[in-house]
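Trainee: Below you'll find the structure I mean.
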Amino acid sequence: MIEALLAGLSPASAARVAGVHRSTVSRWISQGGEFHRLLRQEQGKRLRDTKREARSIAAEAANVVARAIRCGDVRAAITVLRALGVFEAPGEFASPTAVNVEADPAQTLE
């Protein structure tokens with residue numbers, strides 16, 4: 001039943017899958033007992049796993065973009081500069097104080 005809820009089924013649909021009445025599932029979720037604890041625990045685990053995967057993908061994406069820029073991809077370079085707020089429009093640059101070059105981009109995923 002927890003898997004069904006985590007997969008996005010409504011409590012009523014998850015109840016049908018498990019063969020119990022929907023009010024039973026709603027009660028289990030709202031009353032905070034063992035079922036509720038296990039559901040929240042699994043949701044937390046999946047969220048942590050998703051964040052870890054997102055960080056990994058972000059690191060890979062940054063490596064691809066860096067490689068493209070090193071190979072002379074001007075479009076990639078301009079896209080990165082615009083995203084950082086350094087390059088606002090052709091021929092214009094943002095003020096140096098508008099950009100925090102010390103920020104760790106991986107922290108934005110947390």
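The values are calculated or read from the model by the stated rules, or taken from the named source; none is laboratory data. If you're wondering where the values come from, they're calculated on a predicted model, not measured in any experiment. Neighbour counts run over all protein chains shown; Cβ positions are idealised from the backbone, glycine included.
Conditions (1) modelled with pLDDT of 90 or more; (2) under 22 Å from the mean Cα position of the chain (by Cα); (3) not hydroxyl-bearing (S, T, Y), marked per residue:
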site: I57; (1), (2), (3): yes, yes, yes
site: E60; (1), (2), (3): yes, yes, yes
site: C71; (1), (2), (3): yes, no, yes
site: T79; (1), (2), (3): yes, yes, no
site: L84; (1), (2), (3): no, yes, yes
site: P90; (1), (2), (3): no, no, yes
site: A94; (1), (2), (3): no, no, yes
site: V99; (1), (2), (3): no, no, yes
site: L109; (1), (2), (3): no, yes, yes
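Trainee: Condition check: at pLDDT 95 or above, surrounded by 10 or more Cβ atoms within 10 Å (Cβ to Cβ) and either of a type in the set (A, V, I, L, M) or not in a helix (DSSP H, G or I) (or both). Does L47 satisfy that?
Mentor: Values: at pLDDT 95 or above: yes; surrounded by 10 or more Cβ atoms within 10 Å (Cβ to Cβ): yes; either of a type in the set (A, V, I, L, M) or not in a helix (DSSP H, G or I) (or both): yes.
Here the answer is yes, as L47 does meet what is asked.
Trainee: Still on this structure: List the residue pairs whose Cβ atoms are under 6 Å apart, where the first residue sits in the stretch 58-69 and is without any contact (Cβ under 8 Å) to a residue 40 or more places away in the chain, the second is part of a helix (DSSP H, G or I) and not aliphatic (A, V, I, L, M), and the two are 6 or more positions apart or on different chains.
Mentor: Matching pairs, first to second residue: none at all.
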